[in-house]
Each structure stands twice: as structure tokens, then as C-alpha cells.
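Structure, as C-alpha cells:
The values are calculated or read from the model by the stated rules, or taken from the named source; none is laboratory data. Computed from a prediction, not measured in an experiment: that's the story for all the values here. All Cβ positions, glycine included, derive from the backbone under ideal geometry; neighbour counts span all protein chains shown. The protein model used for the area step is the full one, side chains on, heavy atoms only, and it has no ligands, DNA or RNA in it. Shrake-Rupley method; radii C 1.70, N 1.55, O 1.52, S 1.80 Å.
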Amino acid sequence: MLLILPAGMSVLAQAQHAMVFGTVTDNKGKPIFGVNVAVIGSSTGTVTDSNGKYTLEIKANEAITLGFSFIGYNIQQLVVRLNENEKRELNRMMEQGSQILPAVEISDTRSRVTGVTRINPKTIQQLPTVSGSFEDVLKTMPGVVTNNELSSQYNVRGGSFDENLVYVNDFEIYRPFLVRSGQQEGLSFINSDMVSNVLFSAGGFEANYGDKMSSVLDVKYRKPTQFGGSANASLLGGSLQLEGISKNKKLNFLSGIRYKSNQYLLKSLETKGEYKPSFLDFQATINYAITQKTELNFLGNLSRNKFRVVPSSRQTDFGTINQALRLSIYFDGQEVDSYGTMMGGLSITHYADEHLKLKFLTSAFYTDERETFDILGQYYLDELERDLGSSEFGETAFNRGVGSLLDHARNSLNAKVINGEHRGWYHTEQSDFSWGIRFQAEHFKDQLTEWKYIDSAGYSLPHPQNLPGINGPYNQQIILQDVLKSQIELSTYRISGFVQYEKAFGEEKTYWLNAGWRLHYYGLNNESVTGPRVIFSWKPAWRKNLLFRVSSGYYYQPPFFRELRNIDGLLNREVKSQRSIHIVAGNDYQFLAFGREFKLVSEFYYKKLDHLVPYKIENLRIRYLSDQTSKGYAAGADFRINGEFVPGTESWISVSLLQTKEDITGDYYYNYYNSDGEKIIPGYTYNSKAIDSIRIEPGYLPRPTDQRLTFSMFFQDYIPRFPTWKVHLSLIYGTGLPFGPPGRNRYNDVLRIPDYRRVDIGFSKILIDEENPRVSRLKWVNKLKACWVSLEVFNLLQVSNAVSYLWVADITNRYYAVPNYLSARTINLRLGVKF
């Protein structure tokens, strides 16, 4: 069916068209990423990829004026006239200039007016990163919240990671479900060696993007024009990428294989033991031109992630100067996890004529996940000597408690997601109209068997006392904690679609409007949701380098499997779609400083949230309270300035302010008081019983992603007389996130994790410069286009950042929150070649 439909479009009337393509470089022959290439007087245009290459379809048999523009370079214009179906190569060399772009500026219109950030994929090659994931670039973007360098997960403007959309070549990407920590996560789907173009929106995005509440990451893989490849190796893993094209230019392929083992990095964690992580990933994309008007694209991924650890011991010092504590644990047992995923996508794109473009897509995703562990820990909780004059300062003063804890799990999940989709675009010189419809079927098979047992000095915890409503016989029971035992099999489907219209108007096209409408039907609960999305931009005539932008819309998120599964492992089929109403106002301003151009982007936003499913976060694990609902809000401001702080290198600084809260419907608790007026704390013994109680309604609580202030920076520099020696620095600071004790009561989450502070730095030396090649005596060296080596220092300042907490108790049932720290300072060596 999908093959027949595009072929049938050949009966449509065909207009005359031609194609221009080429490479844009600077005066040193270096390819320039993000150059705007457009037809003057129309909205037809494109941008160059990371290799400076572009392809643009234009009208045939008439004079066309092409414009080439980029910040910091002089604008170039070129008149061409091509015959029907003619393809012409037009390579351009751009000269640097310092003037503000004039009225005839050709900008990357769509990304600028829609508030989307375009990211240079080459940045990831310079970014010092622990995980090696492409998403680490996003962590330095405004509005993005993170507190875990071991993971590629990120939160945007108060939303959870589950609220982010990720696309690769227009296919929606899914991830494993059971991962609970950064050590287990493995490789991100996106292979940075294969990327050519990246768009990121932190909110207020268009209707053509799907049904999530927070952000969208839109990635396009490269289309090769010649044979080549690259290879990278480091102490944390390696990768190999190959690409090529057939002699008749109809077929091209791009493939990559990656291996990661962060065993070396995990040795810096406080939990010592035998770590055996092994993460392997293979991806390939194939493009085939069936005809001049029809193209076939395939994207495939196969991933195998395994994680095994046999812990031996752990020692953590925590507390305050007034109460310094030490937790020592000696372990028995092991953890073995495996996450295997497969994804395949096929698309057919048909250009009916110069106005109409049709695309048909189908994809399938499969995951098989296993999580098993039995870990017994014997723990000692000691208070340390605080007297600075004592010879035993910092040593154990006395013991507060001893005990054991046993963690057990036998969890498995199988999931299949299959979808089919059609998208269409109709383009004219005055406006654009697009549409899409999608059908998706899902099947999940989930089995949970998980519990925790705590024993302190021979007593099982919790150790209940005679509180109101608790009788004596109950006290004799052994109680397991965090018990999950369920078996679920679920099949469902959903249908979604959109229509979208956009138009630039005004004498100089100073106004731009994008308006769309989305709809979504979810078969499990028979729910239909629909709503508009609008973006309006204005570029004032009195200041060509300034643009104002306002966007708003209804962003529904129908439940996926994780939102349906409650914290106790049971399924709630009645969960409704969460909703976020976005209101975003912002501007971007281009200005001169130090003789170079910079860009300042500012956005202010408010999101009204309702029908929310509350959740708790434990490390990376999101545990939904699907039997509860809440309403809330997220409000804040994002600022980003980027440009050449150092000539020839791009750097940026981002600052974000955020507050997000929620009010859970019908939540309350009681405070009990005895005859002496003392508040009764469960687990403690009092001389008198409770005689009074007060009902407390918590009201608005900070959401788990409420990080009030975030500051991040990516900075690049080089030695002036030796430009092949470079330094790359990444800095992230974020205020603490809320947390609380285990359990389903969100009103207990009133504590804050200490601020997250992270500085990573890399020093690189270009051994073979692709832009300035030199002939070597060694023949095999001459076959290499580029070669570089870098030394990276992770966690340069040796800051102990906490990601979550382990709760231990003594016989009085008093709980202590023991921080789980992330990685310590580590050195990494990387070698990369391109051929």
C-alpha cells in the first residue's frame, strides 16, 4: 500500500524544476555549518549541513536570484537560470564581514521565527562528556535541567524526561523503560557521527510535532556524497562510522557501530566492586532514489546493553559539622540487567511537483528488558569525632546503629510499538500548508517482582508502635518495604493528526504566522483531545537585527505505558491525557561586540498544567502515582548568548530561572499530638497516647524537576600562535532538586538535594588538519583527512554531586538520608580519525 500510493501520484501535473547543490566554505576552505541559502523574494530556502553542503530545488527556465548569508560573513547573491531537470553545482567561498545584516538579509527563517535552536553537530566532537551522548550538548542549553552526567536524560522547563519528543529522520524514537540509574543506561539512540542537522525547541513548538508537553529534538542524519568514514577510541569505548554512494548516485548509505564500557569511570564511585558494563549499538540509514521525484529511506537500529555489578563495600561520609556521620556497608550478591532494543523505519518521499510533497512512513520498535538483583548489605551507621583538637578527628566516635538490608528484584518487560504515518506539504511563494495523520498500535507485557527488607539490630523495620488505628497483633508481623508484584499484558492503539498553515506577510515580510491544530484519539480509555498551536513573529523595520516572537498552544500528552502503571505496579486504565497550555514570549537580538557578531536570545514563559499524573524520581527511575491527579504551573525565563568570544570558535552562555509546582487533588494527612502537646512521630515511644489530631492539606508542592536557577557554559579557545592546540570547557551549575523519603506521599518531598556543580575540560591537538592538509612521507597517513587527540578531565573541581539518597534506619525507626554520589574526578584520553 505504501509503495503504490506514491507511484500513483505521477499522474499529477508536473511543473518544470531544477536543482542546485554545492559546498560553502570560508576563505581558508573550511566548511561553514548553518549558512542560509535561499531564493530571493520567496520563502524557498535551506541551510548547509555540518560539512557545508546544501541542496535546493528551484524553478527551471527562469532567472533565479540565490542568496547566501551567515552571521559574521558578507552576503552573496548569484543569478542562475537552469533548464528543466538540470542539476548544477554551485560552490561558494564567503568572506568575513563585521556589518549588521541589512534589509535584504536572508536568514534561517523557520528556525528563527519559530524559536527553534539550531545546533552544530560538530560541537559534540569538542564537548568533554562522560556519557558520550549527543544529548550532552542540550544540557548546556537554556531551559534544560540535569543533575546526572552519567545519563543522557534531560528535563525541560519543569517537565520530566518522559515529556520530551525525539525524532530522527522524522521517526519518533523510544527508549528502554526499566533503566533506574545512569550506570545502567548505556548508549543514547542518536549517533553523533552520523548527524547533519539538529533542531531543538524548549516549548511553544509547532503543531507538526507530536503529543508531548515539554520539548522536541529533531535530528536529521547525513546523506553521503562520497565514500568516507571516521573512527574514535577512548578509555570509555569507541566507534566506527562508514558512508558511501553508488556510481550512479542513486544509492547512498551511512552506518555506525558504537561500543561503550564505563567500567573505568565507575571505579570512581563510592560503591566498590566488580563492574562489568557492556553497551553495543549499530545503526544504518540507506537512501535510494527510485526516480527523480521519489526517494526511499530506511533507518535501522540494533542495541544491546548489559550491566553487571558484584558490589563489595561502600563508605559514605555525610551530615553536617554538628552531626558528622559515616555509613559503611559490606555487600553480598549481584545485579544483572539487560536491555535489548530494535527499531526499523521505512519512508517514501514523493515530489509531485514544485508545490506538492508527499511522505509515507512506517516504523516498528521492540524492546526486551530484564532486571534481576539480590543484594544483601550489612551496614554500620557511626557518628564521627568532631573535635578539631582530637587525635581521632574524623574517626568513629560511637555507633548509632547496625543492621542489614536486602534488595530483591525479578523484573521483565517486552514492548512492541508499530505505526504508519502520512505527511504532506503544499508550498507556494506566499504560504505553506502541511498536514499529517498517524496510526499506532502498542503491546506491552510487564512482570514485576520487587521488594526490600530492612533489619536493624535484630528487629525488622518498619517497627510499628501502638498508634491510633494500629492494633497489637499487627506489630508481630514482618513487613517488607517497596513491595511490587504484578503481571500486566496490555494492547492498545492511538490515532493522531494535524493541519498547519504558515505565511509571511508585510511589505518586507516583517510578519510571520504559523497556526496549526492537533488531534489525538487513545483507544484504551476512549479519549479524544484536540487543540490549537500558534506562533507569531515580528521583525520591526526600524531594527533589522531584532525579532520578537510570541507562541501559545494546547499541548496534550496521552498516557503511555509508564504513566498507566502505578507506584505499586498496578495498571490504571482510566488515566486521562495530561495537558500543558504554553504561553511564550521572546526575542533574539544580533549585535556587534569586539568587532564580531553575537546573538542574544531571551524567552519568558508560563505553562498552565492540569490533569497531571504526579510522580516521584529515584535517580533516573520515574514512579508514577497514576491513581492521583494534580494541577500546577511552570513559569520562568531563559537567556542565551552565543558567538565568537574567541575569533574562529563558537561559545555560549545560558541562564535559566524556573519555578514549577503542583497541587494534588484530595491529598491530606494528620498530625497527632499527645497529652503533653508533643507531636507524635511514627516509630517513637511516648509516655502518653495521642489525644488530638489536626488535618493538614499540603496545597502546592514543588515538582520533582523544580530547579530554580541553572547556569551553563560551553567555551572554546586556542593558543594564538598554535591554533591546532585547543581547549574546550563545559560548566553546569543548578540549584538543588526536591526529594523526600520513600513512599507514595508527595507531601513529604520537602528536602532539597545540594546544588549540582560540574566542570569538565578537554585539551586537544589536531595532528592532521582537514582544512590545511600536508603531504606526509607515510602513504597511509595521506589517506587520512583528519586526526586529533584529546585529554579530558571530568569533574575538574572534584565536587561530590548527589543524585539520589539511600534511606537507612536504626531501631527507633529514625531514618537517615545517605547521599548517592556521582563520579569523582577522572581522566580520559580520546583519539579520532577521519578518512
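Points worth noting:
- Partners of residue 607 within straight-line reach, counting lysines whose Cα lies under 22 Å from its Cα and excluding those fewer than 8 residues away in the same chain: 139, 212, 576, 616, 631, 661.
- Relative contact order (%) - criterion: Cα under 8 Å, at least six apart; region: segment 211-359: 17
- Net +/- balance of residues flanking residue 655 in space, Cβ distance below 11 Å, scoring K and R +1, D and E -1: 0
- Span from the segment 522-547 Cα centroid across to the segment 110-156 one, whole angstrom: 23
- Calculated FRET efficiency, residue 416 to residue 709, Cβ-Cβ distance, R0 = 56 Å: about 0.85 to the nearest 0.05.
- Across the accessible surface of the chain, with the other protein chains kept in place and a 1.4 Å probe, carbon and sulfur atoms take up 57 percent.
- Radius 14 Å from Cβ of residue 328, net charge of other residues (Lys, Arg +1; Asp, Glu -1): -1
- Given charges at Cβ of Lys, Arg, Asp, Glu: the chain dipole, positive-most of 23, 798, 561: 23
- Unit charges on C-beta of K, R, D, E only; dipole of the chain, Debye: 2080
- Label point 7 Å beyond Cα of residue 323 along Cβ direction - residues of segment 393-411 with amide nitrogen under 19 Å: 394-403
- Subtracting the Cα-Cα distance of residue 694 and residue 604 from 0.36 nm times their residue separation leaves 28.4 nm of extension gain.
- In this simple spin-label model, placing a label point 7 Å from the Cα along the Cα-to-Cβ direction at both residue 525 and residue 386 gives a separation of 4.9 nm.
- Proximal lysines relative to residue 223, as straight alpha-carbon distance under 21 Å, when same-chain residues fewer than 8 apart are discounted: 30, 53, 87, 122, 247, 249, 250, 293, 357, 359, 785, 834
- With K and R counted +1 and D and E -1, the other residues having a Cβ less than 12 Å from that of residue 404 yield a net charge of -2.
- Ordered by solvent-accessible area of protein heavy atoms (1.4 Å probe), largest first, the residues 70, 33 come out as 70, 33.
- At R0 = 51 Å, FRET efficiency that the Cβ-Cβ distance of residue 88 and residue 264 yields, to 0.05: 0.50
- A protection proxy built from the mean count of other Cβ atoms within 10 Å ranks the segments 506-516, 112-122, most packed first, as 112-122, 506-516.
- FRET efficiency, residue 398 to residue 543 (Cβ-Cβ, R0 60 Å, nearest 0.05): 0.30
- Computed [θ] at 222 nm, helices only, for the chain once each DSSP H run of length n ≥ 4 contributes -39500 (n - 2.57): -500 deg cm²/dmol
- Taken per residue, the accessible surface of the chain reaches 44 Å², heavy atoms only and a 1.4 Å probe.
- Which of 199, 230, 210, positive extreme of dipole for segment 189-338 (C-beta unit charges): 230
- (1) 110, 64, 46; (2) 97, 65, 51; (3) 127, 79, 61, with the label sought being that of the calculated Cα extents along the principal axes in Å: (2)
- Three-way shape call for segment 162-281 based on the alpha-carbon gyration tensor, with the a/c threshold at 1.5: oblate
- Each Cα pair under 8 Å and six or more residues apart adds its sequence gap; the mean of these over the residue count of the chain is a relative contact order of 10 percent.
- Judged by the mean number of other Cβ atoms found within 10 Å, the most tightly packed of the peptides 383-396, 431-444 leads the ranking 431-444, 383-396.
- Mean Cα-pair separation over length for segment 564-663, i.e. relative contact order, pairs under 8 Å, 6 or more apart, %: 25
- Of the peptides 825-832, 633-640, the ranking by mean beta-carbon count within 10 Å, highest at the top, reads 633-640, 825-832.
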